[in-house]
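In what follows, a single structure is set out as structure tokens and then discussed.
Please treat every number below as a calculation from the coordinates, not as lab data. Small disclaimer: the values here were computed from a predicted structure and weren't measured. Cβ: placed from backbone, ideal geometry, glycine included. Neighbour counts: every protein chain shown.
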Amino acid sequence: MDQKLETRIKNLQRLAKGTLLYNLKMELVDIKDNQITMTMPVTRAVHQPFGLLHGGATAALIETVASTASNLFCPEDMIAVGIELNCSHLRSKTEGTLTAVGTAAHLGRRIHAWEVRVSDEAHKLIATGRCTLSIIPKQRP
């Protein structure tokens, strides 16, 4: 991994402290070409009241994969913000670890689109999603 990408990853990790991805223990585990892999443990913190994985937690993982990837791949003076998310929840889960692999479908100048597949430790497909992001200038204080 090149130094510039490593620096951007460290900056994003620093900014993530105290945010949703931090609190849900999402972790970046691999990045290459136009693909990113993140994990999230399935614990009570991400359950709905009936003890199953909450669809919103899975959706948050899908959008986090797409947002993280786009923010690593967009120009340094720009940021990526989600503008559309759709998810298909295919299988329930009560414990374990989810692995989400995002693949770039489109990396344009102003719009990025990512397709994300979420699987469990047995490689069973738990959910799929697609997230579209707008690439906008960083806000200056």
> Dipole of the chain (Lys/Arg Cβ +1, Asp/Glu Cβ -1, origin at the Cα centre): which of Met26, Ala16, Leu85 lies farthest to the positive side?
Replying inline: Ala16
> Taking the Cα-to-Cβ direction at Ser134 and at Phe50 and moving 7 Å from each Cα, how far apart do the two end points lie in nm?
Replying inline: 3.6
>> Less than 19 Å from a label point 7 Å out along the Cα-to-Cβ axis of Arg91: which backbone N atoms in the stretch 104-127 qualify, by residue?
In response: 116-127
>> Between 0 and 90 degrees, rounded to the nearest ten: what's the tilt of helix 55-73 against the longest Cα principal axis of the chain?
In response: 20
>> As I understand it, the value is the acute angle between the Cα axis of helix 3-16 and the longest principal axis of the Cα atoms of the chain; what does it come to in degrees, rounded to 10?
In response: 60
> Suppose every K and R has +1 on its Cβ and every D and E has -1 on its Cβ; what is the size of the dipole of the chain about the Cα centre, in Debye to the nearest 20?
Replying inline: 300
> So for the stretch 3-137, Kirkwood radius off the Cα pairs, Stokes-Einstein at 37 °C and 0.692 mPa s: how many µm² s⁻¹?
Replying inline: 220
> Fully extended, how many nm does the chain gain between Leu20 and Ala105 (0.36 nm per residue separation, minus their Cα-Cα distance)?
Replying inline: 28.1 nm
